[in-house]
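What follows is a short report on a single structure.
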Protein chains: 2
Amino acid sequence: MPEFLDLHSKASKALRAAAEAAVRRHGLHLGQDHLLAVLWRQDGSTPGEVAAALNVTTPNVVKAATRMAAAGLLTRRRDDRDNRLVRLWLTDTGRALQAPIEEERRHLEDQITADLSETEREHLLSALAKIHRSATALLNEMS
Amino acid sequence: MPEFLDLHSKASKALRAAAEAAVRRHGLHLGQDHLLAVLWRQDGSTPGEVAAALNVTTPNVVKAATRMAAAGLLTRRRDDRDNRLVRLWLTDTGRALQAPIEEERRHLEDQITADLSETEREHLLSALAKIHRSATALLNEMS
DNA sequence: GCTCGATCATTAACCGGTACACGATTTTGG
DNA sequence: CCAAAATCGTGTACCGGTTAATGATCGAGC
């Protein structure tokens with residue numbers, strides 16, 4: 001039971017639960033806010049583009065988009081020029097969530113990092129970045 | 001898109017993928033190694049005990065146990081004295097995985113934290129612990 | 001102009017996680 | 001002793017994630 005992996009797993013779980021609760025207050029499920037964030041930045045993105053932006057697989061985006069379309073957050077429309085493509089367009093409901101969700105996310109980050117000094121926070125970010133690089137490199141050299 | 005949440009999310013995903021690949025080399029799925037770890041420490045634990053030890057819900061353990069029983073890693077047996085209880089017992093196969101899996105996990109932690117100095121590592125652990133506490137406190141005061 | 005390969009979304013099947021409802025058993029209180 | 005409450009495992013249904021297979025469409029080359 002290595003120290004870091006164990007602690008990271010626990011922290012991750014708690015963080016995930018907190019994020020879930022925060023976003024659910026606005027009728028969303030975890031991860032849907034990320035998908036919306038892509039559309040807020042570029043409305044009319046395709047599932048493939050969204051998947052690439054979020055580092056998830058395309059089927060995952062398709063499934064989420066289906067649920068979110070049913071929830072009235074976005075609509076699907078095929079591209080006129082290239083009929084293979086599907087474009088996801090925000091509804092007014094989906095667009096209206098941007099401000100509250102972004103505020104909620106900022107608030108969550110503030111609460112989560114409240115116990116950290118500024119230098120602690122910087123060190124944490126830099127260490128996390130190194131972890132991220134190592135893990136990504138590990139994945140690449142395996143595949 | 002707050003800095004820490006975003007970075008943590010990315011690092012988490014990469015770490016998860018790396019752990020998945022590491023454990024899959026031994027025929028396991030992600031999370032099953034944690035369940036096994038509980039049984040390595042205390043064979044014959046009940047699903048509820050395992051769930052409490054792993055901070056997951058009981059149905060989750062039940063489902064995982066069903067798959068792992070099918071995979072020949074453990075067996076189910078009802079408790080003789082209290083017939084409500086079910087106890088999970090390791091098979092030889094499940095027991096034999098302890099050394100290789102623990103080694104794999106140590107190796108993964110070493111690779112992941114290779115770029116960190118000793119003080120960086122300590123600071124990371126302490127910061128992660130604070131994050132964990134904050135997130136847990138946040139969850140409690142919400143529920 | 002037509003075929004063959006590349007590209008894209010979708011579906012199905014699986015795993016880990018959750019909440020909720022259900023049923024069986026044990027324990028407690030009267 | 002017996003009814004009511006607490007405990008425990010399980011089933012169902014959902015969400016996020018994956019891989020692999022399918023099907024439609026577009027583009028390049030002959």
Number of the condition not met by A:Arg77 [criteria: (1) within 14 Å of chain B (Cβ to nearest Cβ); (2) in contact (Cβ under 8 Å) with a residue 12 or more places away in the chain; (3) charged (D, E, K, R); (4) not in a helix (DSSP H, G or I)]: (1)
Can you tell me how many residues in the stretch B:34-64 are surrounded by 14 or more Cβ atoms within 10 Å (Cβ to Cβ), assigned to a helix (DSSP H, G or I) and more than 9 Å from DNA strand C (Cβ to nearest atom)? 11
Can you tell which of A:Arg121, A:Arg133 is more than 16 Å from DNA strand C (Cβ to nearest atom) and within 24 Å of B:Thr136 (Cβ to Cβ)? A:Arg121
Candidate set: the stretch A:10-42, residues that are within 22 Å of B:Leu128 (Cβ to Cβ) and touching a residue at least 60 places away in the same chain (Cβ under 8 Å); chosen: the one nearest to the chain's Cα centre (by Cα): A:Ala19
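Please determine whether any residue of the stretch B:100-113 is more than 14 Å from every other protein chain (Cβ to nearest Cβ), closer than 30 Å to A:Leu138 by Cα and within 11 Å of DNA strand C (Cβ to nearest atom).
no
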Of (1) within 14 Å of chain A (Cβ to nearest Cβ); (2) in contact (Cβ under 8 Å) with a residue 12 or more places away in the chain; (3) surrounded by fewer than 18 Cβ atoms within 10 Å (Cβ to Cβ), B:Gly72 satisfies every one except (1)
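Residue by residue, here is whether (1) more than 12 Å from chain A (Cβ to nearest Cβ); (2) out of contact with any Leu (no Cβ under 9 Å at 6 or more places or on another chain) holds:
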residue: B:Glu20; (1), (2): no, no
residue: B:Leu35; (1), (2): yes, no
residue: B:Gly48; (1), (2): yes, no
residue: B:Asn55; (1), (2): no, yes
residue: B:Lys63; (1), (2): yes, yes
residue: B:Met68; (1), (2): yes, no
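Identify the residue in the stretch A:75-123 that is of a type in the set (A, V, I, L, M, F, W, C) and loosely packed, with under 14 Cβ neighbours inside 10 Å and, among all such residues, is nearest to the chain's Cα centre (by Cα). Spell out how you get there, then give the answer.
We begin by selecting, within the stretch A:75-123, every residue of a type in the set (A, V, I, L, M, F, W, C); these are A:85-86, A:88-90, A:96-97, A:99, A:101, A:108, A:112, A:114, A:116.
Those still in the list that are loosely packed, with under 14 Cβ neighbours inside 10 Å too: A:96, A:99, A:114.
On the way: A:Ala96: 18, A:Ala99: 16, A:Ala114: 22 Å.
Ranking the qualifying residues of the stretch A:75-123, first place goes to A:Ala99.
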Restricted to the stretch A:3-30, and to residues that are surrounded by fewer than 17 Cβ atoms within 10 Å (Cβ to Cβ) and not in a helix (DSSP H, G or I), which residue is nearest to DNA strand D (Cβ to nearest atom)? A:His29
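Only the coordinates and a few stated rules stand behind these numbers; no lab work does. Predicted model only: the values in this text are computed from it and were never measured. FYI the Cβ positions are ideal-geometry reconstructions off the backbone, even for glycines, and counts take in every protein chain you see.
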